Amino acid sequence: MFRYFENLVDPFVAYQETNTPPTRLWPFMLEYTRPFYRLFFWAALISIIVAGVEVGLIYYMGRVVDLLSGSPAEVWQAHGTELILMAVFVLLLRPLLHVVDVLLLNNAILPNIGTIFRWRAHKHVLRQSVGWFENDFAGRIANRIMQTPPAAGEAVFQVFDAISFSLAYLVGAAILLMAADPRLLLPLLIWFALYGFLVRWTVARVGPASQAASDARSAVTGRVVDSYTNIHSVKMFAHDAQELDYAREAIEETRRTFQIEMRIFTIMDAVLVTLNGLLIVGVVGWAIALWMQGSASVGVVAAATALTLRLNAMTGWIMWALTSFFRQLGVVAEGMETIAQPIDLLDAPGAEPLQLGKGQIDIRDLSHHYGRKTGGLDHINLTIQPGEKIGLIGRSGAGKSTLVKLLLRFYDVEQGAILIDAQNIAQVTQDSLRSHIGMVQQDSALLHRSVRDNILYGRPDATEEQMIAAAKQAEAHEFILDLQDPQGRIGYDAHVGERGVKLSGGQRQRVTLARVILKNAPILLLDEATSALDSEVEASIQETLYGMMQGKTVIAIAHRLSTIAQMDRILVMDGGRIVEQGGHAELLANGGLYAQFWARQSGGFLNPEAAE
């Protein structure tokens, strides 16, 4: 039974992806919940029926009071069958209706609606560009991905568990009172109007207050995760106190926004208790007055009393459900600031996969300043022949990393073009472009998974033998066999910790090298690929790198000039331009910027701040 209801909706069902999700709340909610429309209909219908049954029971209790005015024998003889049938209904049919109601909500809708929001939101965010991620806290992005689905689920739950039920109950209560005596409807209508004003006042304030509180909580998460992610720097500089102050500022803002939110609920509760007192006195008092005048039976008084007491108990729940509904919508609205952002880096319409031939790279009048007037690259023209090995050096900020990012199309170029085998990379699919490029970065961060998973990230379909061969080529196999994590996993199954923190810098770099070796891409980018290695290991890895480079088009960034001295050509960048190029001996003979760098380096390292 549970499995039947749980499988009524597949949260991973195929859907039409969009690069520009709805940016308004209700279209956003309707788009994400489209697979649930049929279930919503049945959930609403069952909820209304359940509410009608509850009101009918109160009406029938009043009827029972009137029936008991005769002798027991007469009552049983005249109404015994009726009472038995009602007992059967209460014992069997009423629980069955409630069971179907909660199965639809708790098992068919709630687990799946949270899943569909989380899955589609994560899928959309993963399509964003590297630059998009660089403009926000990873912790805040993750927090919004995690808190939006349960908020959306809670909002939907309140619609069918409370709002539709309570509306149906109020309509049923009005019909019951009007059937008993139309005059009993008047105090209910007056109360309902005042209650409506209270709901409107509360909802108008809870939504913005809830969104402000949600924003504040996301800011706390972002700051805390930032501290934890960079815990080595925090400890290295003994800045625990500074990080506490940094977090305390956001935590205090969270407290302040939450206080404002709770003040609204306190005022709501105080006014609600007063209104409920007016409801009880108005309806019950009037019913008693009608009975004293002979216009109403004792059963009517009993039914009116039971109904108002039930409404009195429900009003707080209804108000809380309504405020919870709008509060959760506020959380969803805050999450939409991330989830509903349009994809900022798209494949061109009709983009085809990159057809790699020899691997020639042409850079034509390339300029990119990240939307500013300075920095980045300025009118770069360069042709890299198939199989050519290029060394790239320059001061920090000279534009080396920008060139690599643009080649990977992490950003769209602002001016000019990059072509690979005469194909503009802006006109091919991003995945096909990056599948042909292998890169080893200076920051050799790994996934918080096993060593095997990290190496196979380069080529998931590789065999175990191919993976081990790549690890051996990267001088990583021996130390991998000695690894063991706290859960007892050993060797290639050992997990490396967040960003690979359980490994040394050199070990992380060698695992990264193994991953790129396994990928075996025809274009190779090296960004300080051996910077984390000691001299002995570097000498061995250099041989590996030179072996990797055979037959590939290579761009290598390095501050350690000895690592690129054997390149076919060395490019010297300064101020976003290529100011010198040539072989090592040729550049030294020219006595230019490269010669100055070589003269000033210590232990083979380039001083990136060296004066001209």
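The values are calculated or read from the model by the stated rules, or taken from the named source; none is laboratory data. Treat the numbers as computed from the prediction; the structure is a model and nothing was measured. We place every Cβ from the backbone using ideal geometry, glycine too, and count neighbours over all the protein chains shown. All accessible areas refer to the heavy atoms of the entire protein, side chains included, with ligands and DNA or RNA removed. Shrake-Rupley method; radii C 1.70, N 1.55, O 1.52, S 1.80 Å.
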- Task: Working only within region 150-167, note down all residues that are modelled with pLDDT of 80 or more and either open to solvent by 30 Å² or more (accessible area, probe 1.4 Å) or more than 30 Å from PRO11 (Cα to Cα) (or both).
- Result: PRO150, GLU154, PHE157, VAL159
- Do we find a residue being within 30 Å of ALA174 (Cβ to Cβ), open to solvent by less than 80 Å² (accessible area, probe 1.4 Å), of a type in the set (Gly, Ala, Ser) and part of a helix (DSSP H, G or I) anywhere in region 258-276? yes
- Query: Considering only residues of region 405-421 that are in a loop (DSSP other than H, G, I, E, B) and out of contact with any His (no Cβ under 6 Å at 6 or more places or on another chain), which is farthest from THR374 (Cα to Cα)?
  - Reply: ASP421
- Message: Checking VAL451 against (1) crowded, with 19+ Cβ neighbours inside 10 Å; (2) touching a Lys or Arg at 6+ places or on another chain (Cβ under 8 Å), only one condition comes out false. Which one?
- Response: (2)
- Filtering region 390-408 down to residues that are open to solvent by less than 10 Å² (accessible area, probe 1.4 Å), within 30 Å of the chain's Cα centre (by Cα) and not hydrophobic (A, V, I, L, M, F, W, C) yields none
- Only residues in region 117-143 that are part of a helix (DSSP H, G or I) count as the first member; pair them with residues that are acidic (Asp, Glu) and open to solvent by 10 Å² or more (accessible area, probe 1.4 Å), Cβ under 7 angstrom, at least 6 apart or cross-chain, and list the lot. TRP132/ASP344; GLY139/ASP226
- Could you pull out the residue among LEU593, LEU545, LEU571 that is modelled with pLDDT of 80 or more and crowded, with 21+ Cβ neighbours inside 10 Å? LEU571
- Query: For the subset of region 1-29 comprising residues that are open to solvent by less than 100 Å² (accessible area, probe 1.4 Å) and among the hydroxyl-bearing types (Ser, Thr, Tyr), which member is farthest from PRO349 (Cα to Cα)?
  - Reply: TYR15
- Message: Of the residues GLY282, GLY294, GLY222, only one is small (Gly, Ala, Ser) and under 30 Å from the mean Cα position of the chain (by Cα); which?
- Response: GLY222
- Item | Meets criteria (more than 28 Å from GLU17 (Cα to Cα), more than 27 Å from the chain's Cα centre (by Cα), in contact (Cβ under 8 Å) with a residue 24 or more places away in the chain and buried (at least 22 other Cβ atoms within 10 Å of the Cβ)) for LEU309 | no
- Task: Collect the residues in region 68-119 that are open to solvent by 50 Å² or more (accessible area, probe 1.4 Å), over 30 Å from SER297 (Cα atoms) and of a type in the set (Phe, Trp, Tyr), keeping them in residue-number order.
- Result: TRP119
- Among the residues of region 430-446 satisfying the criterion of being touching a helix residue (DSSP H, G or I) at 6+ places or on another chain (Cβ under 9 Å) and exposed (fewer than 15 other Cβ atoms within 10 Å of the Cβ), which is nearest to LEU525 (Cα to Cα)? ASP443
- In region 87-114, how many residues are in contact with a Phe, Trp or Tyr (Cβ under 8 Å, 6 or more places away or on another chain) and of a type in the set (S, T, N, Q)? 2
- Right, LEU279: in contact (Cβ under 8 Å) with a residue 24 or more places away in the chain, crowded, with 17+ Cβ neighbours inside 10 Å and of a type outside the set (Ser, Thr, Tyr) or not? yes
- The lone condition VAL65 fails out of (1) open to solvent by 60 Å² or more (accessible area, probe 1.4 Å); (2) of a type in the set (Val, Ile, Thr); (3) modelled with pLDDT under 85 is (1)
